[in-house]
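Take a look at the structure below.
The values are calculated or read from the model by the stated rules, or taken from the named source; none is laboratory data. Model, not experiment: these values are computed from the prediction. No Cβ is skipped: glycine too gets one built from the backbone with ideal geometry, and neighbour counts run over all protein chains shown.
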Ligand code: NOJ
C-alpha cells in the first residue's frame, strides 16, 4: 500500500540535502502563538517534518491547547511555499476515542463486540478531527492487558488477541477510510509497539518480561491485524522487553515489525523515548540515543529533538549510514504521499453532521453496556419514585473518560442528573437525588421510593496514562453507600462508570443489579440511564476478566493449563487456590446479560475431521448453532466460538476465542449462526515467529461466554 509511492518518494529524496532529510524525521511540539515565527524559520530551513499538536508528556490527563487551524495552515504554507524542498508537514494529535464528539473509551468499544459499529464511529472521528488539521492520530492503542491496575487499560482492547484484532481492523479502517488521501481520512498509528500493556505490577512505564512465544501469540496479533488493515504508522513503546528497550531494538522494530508483520509505514517514537535510552542505561549521550534508535528502525523522533541535533554528525562520521537515513526518510515520504498531503496540504472549513456523530456515539455507548447482575430488578419502570445517589451527578468531564482532549462539554455532554430527570420525567416518575450518599434527610423519599439507583465508579482522573491503582475496588465511601442503600430494604441498582474492570466483590451482595457503563463519551449519561429504564436492552460483553479483588490479578481466561490441578480453568479448583478466596473471576471474559433470554440449540458440525493438506489449502470446518430469543423483548446476543488444541508441541490455552457474531433477535425469533475455523484459527506461532498448524484433536466450545461447554471434538488428520 505504501510501497507504491516509492518512485515518487525516491525522486523527492534525490533532491534533498542531508539537513533536509534529517528534518523529515523530526517531530516538534505544538508552538504557542509567540513561537510561530521561530517555527516558520525552522520550517523554511527544512528542520521540521511533523508537529505533534500537544505540549505535554501525558496529554490524556493534562489540559491541552485548542487547535488553531489558521496557525497550522500558515505553518503549512511556509513549508509548501517557502522551504526549498516543499514537503508538507504531517500534523499528529492524540485523537484517541473522539474529537469534539467523544465516543466510549476503547475498552468499552471492545465490549460492544461490534466492530462494524466501531468502524463507523471512528470514521466520524476522522471526519471531525481532520476538519481541524489533524492528519494523523496516535491511535489505536492495541496493548493487550491482563492487569487492570494499569491506568492505560482504558485505551486498549482488553485481554484477548482475537477480539483485539477485530477491533484493530475496525479502528484502522475507520480512521483511514477506503481512501487514505481523502480529506476526511487520517493516518492511524498502532501503538504502543510493543508489550507496554504487560508493565510489571500494572505500574505505568515499567519493565516487562515477555517470551517470544507469548509475544507472537498474544501481544502481536492486534498489531498484525492493524498492519494488514493498512495502518500507516506505528508508535514504539517506552518499555523494555527482557532488558531490551523497544526504542533501540532492531529485533522488535525491524526484524519482527517489518520482517514478520510486513509493516510498510514509518515508526514514530513515543514522547521523549529516544532520550529515555540514556536513563535506561543503554546510551551515553544524546548522539548515542539517536544512533541506537535510528539504527534499530525508529524513523521519527517525537518531541525531544535528539535526531535534529545529532544526526548530521552521526551520518558524517558513518555511525549512521546514509542508506539507513534514506530508508527512514523514504518511509515518511511514502506515508505523506499516500495521505494526499502533497496535493491537499491545507484544511478548508467544512460542515460536519454533528447530530449523526452524536447519535452514533450514543449507539456505541449503549451497545457497550455490560449487564453483569440482574436479580429481576432491571429494567426499571419510568413511572416510579427513585432515590438516586452519585458522587458525580454533574461531572460531565468524567463521562468522556481519559484521553478526550477536545470533547465538547457543557450542554453537549448531558450530565447524569440531566439524563435521569429527562428519562424518568418522560414516564411521569419522580427522582430524588442525594449527592453524597444516602442521608437521613432522604428518609421521606426512601419511604416512598420503589428503587434506589446508585451511579458509582471511578473518576477519569484515576485512569489513563500514569494513573495506575494499587486497589481497584470501589472507594470505601462508595462501598458504604451500597451498604446503606441495601439497609433501606429497597431494591438497589448499581451503575458503574469506570475505565477498568473494577473489582466489585465487596459491593456485589448489596446490589440487586449491576450495569457496567464505563466512561461512555458525549452521550454516556443518556446511554446508561436509558438502558436502566429499558429504552435500550444491554448487549455488551466483558472484553476482559472481572476479578473479585485486586489480589487476584493477573487473572485472564486464555491461560494455559499447568496440569495441576488437572483442568483448573480460571484456576478455580477449590483445593489448589487461595485459602482466603475462590480464584474464579466475578465475571468471566465474554460475559454479559440481557433483559431477554436466549437459548442455544441444535449445534452442528458439518464434519469433525479434516485433512491436514486440505486445511492448509484453505478448506474450513463449518459449525452452526441456533439461537432463539426466548424472552419477551427484542435483544442482541453475541454467540462466541472458542477452541482448545488438546495436544501440541507447546502448551496451548484452555480456551481461545476464534469467532463471535452479534445478532439481533425479536421476541420468539430464532436465527442460525455459522462459524468457520480454518488454518488461521487453529494454528499458532512458534517462538521463532513461524506459524504452524499441528495435527490432532481440538475441542470446540460454542456459547455465550468463555465458560461455554464443549460442543464438538474435531480432528485434523
Ligand atoms: C505519551 C503516550 O504514551 C502516547 O500514547 C501519546 O501518543 C504521546 N504521549 C503523545 O501525547
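If only one of 21, 42 is surrounded by 15 or more Cβ atoms within 10 Å (Cβ to Cβ), more than 16 Å from the ligand (Cβ to nearest atom) and without any contact (Cβ under 8 Å) to a residue 24 or more places away in the chain, which one is it? Steps first, please.
Details: 21 fails: without any contact (Cβ under 8 Å) to a residue 24 or more places away in the chain.
Residue meeting the stated conditions: 42.
Looking at residue 261, is it touching a residue at least 40 places away in the same chain (Cβ under 8 Å), assigned by TED's automatic domain parsing to the domain that holds residue 59 and more than 23 Å from residue 52 (Cα to Cα)?
It is true that residue 261 is touching a residue at least 40 places away in the same chain (Cβ under 8 Å), assigned by TED's automatic domain parsing to the domain that holds residue 59 and more than 23 Å from residue 52 (Cα to Cα).
Check the range 88-96 and report whether any residue there is surrounded by 14 or more Cβ atoms within 10 Å (Cβ to Cβ), under 24 Å from residue 297 (Cα atoms) and away from the ligand (no atom under 16 Å from the Cβ). Break it down stepwise before answering.
First, pick out the residues of the range 88-96 that are surrounded by 14 or more Cβ atoms within 10 Å (Cβ to Cβ): 88-96.
In the following step, the residues that additionally are under 24 Å from residue 297 (Cα atoms) were identified as 88-94.
Going one step further and asking which of them are away from the ligand (no atom under 16 Å from the Cβ), we end up with 88-89.
Taking every residue of the range 88-96 in turn, at least one turns out to be surrounded by 14 or more Cβ atoms within 10 Å (Cβ to Cβ), under 24 Å from residue 297 (Cα atoms) and away from the ligand (no atom under 16 Å from the Cβ).
Residue 395 fails exactly one of the following numbered conditions: (1) closer than 22 Å to residue 498 by Cα; (2) touching a strand residue (DSSP E or B) at 6+ places or on another chain (Cβ under 6 Å). What is the number of that condition?
Condition not satisfied by residue 395: (2).
For every residue, the table says whether it meets (1) surrounded by 15 or more Cβ atoms within 10 Å (Cβ to Cβ); (2) assigned to a helix (DSSP H, G or I); (3) at pLDDT below 95.
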residue: 566; (1), (2), (3): no, no, yes
residue: 577; (1), (2), (3): yes, no, yes
residue: 589; (1), (2), (3): yes, no, no
residue: 596; (1), (2), (3): yes, no, no
residue: 623; (1), (2), (3): yes, no, no
residue: 639; (1), (2), (3): yes, no, no
residue: 642; (1), (2), (3): yes, no, no
residue: 649; (1), (2), (3): no, no, no
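When you scan the range 123-148, how many residues do you find that are more than 18 Å from residue 74 (Cα to Cα), away from the ligand (no atom under 16 Å from the Cβ) and not in a loop (DSSP other than H, G, I, E, B)?
Selection size over the range 123-148: 5.
Could we say that residue 85 is within 16 Å of the ligand (Cβ to nearest atom), surrounded by fewer than 20 Cβ atoms within 10 Å (Cβ to Cβ) and in contact (Cβ under 8 Å) with a residue 40 or more places away in the chain here? Steps first, please.
Details: within 16 Å of the ligand (Cβ to nearest atom): no; surrounded by fewer than 20 Cβ atoms within 10 Å (Cβ to Cβ): yes; in contact (Cβ under 8 Å) with a residue 40 or more places away in the chain: yes.
When the stated conditions are applied, residue 85 does not pass them.
Collect the residues in the range 691-717 that are surrounded by fewer than 18 Cβ atoms within 10 Å (Cβ to Cβ) and either in contact with a helix residue (DSSP H, G or I) (Cβ under 8 Å, 6 or more places away or on another chain) or modelled with pLDDT under 95 (or both), keeping them in residue-number order. Don't jump to the end; show me each part of the working.
Filtering the range 691-717 for residues surrounded by fewer than 18 Cβ atoms within 10 Å (Cβ to Cβ) gives 691-692, 694-697, 699, 709-710, 712-713, 715, 717.
Within the range 691-717, 695, 709, 710, 717 qualify.
Could you run through the range 1-25 and say how many residues are under 24 Å from residue 230 (Cβ atoms), in a loop (DSSP other than H, G, I, E, B) and at pLDDT 95 or above? If you could, list the steps in order and put the result at the bottom.
If we filter the range 1-25 for residues that are under 24 Å from residue 230 (Cβ atoms), which is where we start, we get 1-13, 24-25.
Still in the running and in a loop (DSSP other than H, G, I, E, B): 1-2, 25.
So of that shortlist, the ones also at pLDDT 95 or above come out as 25.
Looking only at that region, the number is 1.
Say we look at the range 290-331 and pick out the residues that are away from the ligand (no atom under 16 Å from the Cβ) and at positive phi; which of these is surrounded by the most Cβ atoms within 10 Å (Cβ to Cβ)?
The qualifying residue surrounded by the most Cβ atoms within 10 Å (Cβ to Cβ) is 297.
Could you tell me which of the residues 56, 50, 83 is touching a strand residue (DSSP E or B) at 6+ places or on another chain (Cβ under 9 Å) and modelled with pLDDT of 95 or more?
None of the others qualify; the one that does is 50.
Which one of these does residue 28 not meet: (1) in a loop (DSSP other than H, G, I, E, B); (2) touching a strand residue (DSSP E or B) at 6+ places or on another chain (Cβ under 6 Å); (3) within 16 Å of the ligand (Cβ to nearest atom)?
(1)
Give me the pairs: first residue in the range 228-241 and closer than 16 Å to residue 187 by Cβ and not assigned by TED's automatic domain parsing to the domain that holds residue 274, second residue near the ligand (Cβ under 10 Å from one of its atoms) and modelled with pLDDT under 95, beta-carbon distance under 6 Å, and six or more apart or on different chains, which are they?
Listed by first residue and then by second, the contacts come to nothing, as the list is empty.
I'd like to check something: does the range 611-620 contain any residue that is surrounded by 14 or more Cβ atoms within 10 Å (Cβ to Cβ) and assigned to a strand (DSSP E or B)?
No, the range 611-620 contains no residue that is surrounded by 14 or more Cβ atoms within 10 Å (Cβ to Cβ) and assigned to a strand (DSSP E or B).
Considering only the range 149-180, state which residues are more than 16 Å from the ligand (Cβ to nearest atom) and assigned to a loop (DSSP other than H, G, I, E, B).
149, 158, 159, 160, 177, 178, 179, 180
Which numbered condition trips up residue 48, out of (1) surrounded by fewer than 15 Cβ atoms within 10 Å (Cβ to Cβ); (2) assigned to a loop (DSSP other than H, G, I, E, B)?
Failing condition for residue 48: (1).
Give 36, 18 a once-over and let me know the one that is farther than 16 Å from residue 77 by Cβ and in contact with a helix residue (DSSP H, G or I) (Cβ under 9 Å, 6 or more places away or on another chain).
Values: 36 fails: farther than 16 Å from residue 77 by Cβ.
Matching residue, one of 36, 18: 18.
Examine the range 428-443 for a residue that is under 30 Å from residue 57 (Cβ atoms) and in contact with a strand residue (DSSP E or B) (Cβ under 8 Å, 6 or more places away or on another chain), and state whether such a residue exists. Please lay out each step first, then the result.
Here is the first cut: in the range 428-443, the residues under 30 Å from residue 57 (Cβ atoms) are none.
Checked the range 428-443: no residue is under 30 Å from residue 57 (Cβ atoms) and in contact with a strand residue (DSSP E or B) (Cβ under 8 Å, 6 or more places away or on another chain).
Considering only residues of the range 266-289 that are away from the ligand (no atom under 16 Å from the Cβ) and either part of a loop (DSSP other than H, G, I, E, B) or not assigned by TED's automatic domain parsing to the domain that holds residue 324 (or both), which is farthest from residue 322 (Cα to Cα)?
281
Among the residues of the range 62-73, which ones are out of contact with any helix residue (DSSP H, G or I) (no Cβ under 7 Å at 6 or more places or on another chain) and either within 20 Å of residue 341 (Cα to Cα) or in contact (Cβ under 8 Å) with a residue 24 or more places away in the chain (or both)? Don't jump to the end; show me each part of the working.
So the first thing to find is which residues in the range 62-73 are out of contact with any helix residue (DSSP H, G or I) (no Cβ under 7 Å at 6 or more places or on another chain), and the list is 62-70, 72-73.
Answer for the range 62-73, where residues must be out of contact with any helix residue (DSSP H, G or I) (no Cβ under 7 Å at 6 or more places or on another chain) and either within 20 Å of residue 341 (Cα to Cα) or in contact (Cβ under 8 Å) with a residue 24 or more places away in the chain (or both): 64, 65, 66, 67, 68, 69, 70, 72, 73.
Considering only residues that are surrounded by fewer than 20 Cβ atoms within 10 Å (Cβ to Cβ) and over 25 Å from residue 153 (Cβ atoms), which ones fall in the range 491-509? Give the derivation first.
Quick first cut of the range 491-509, residues surrounded by fewer than 20 Cβ atoms within 10 Å (Cβ to Cβ) only: 505-506, 508-509.
If the condition is that a residue be surrounded by fewer than 20 Cβ atoms within 10 Å (Cβ to Cβ) and over 25 Å from residue 153 (Cβ atoms), then 509 is the only one that fits.
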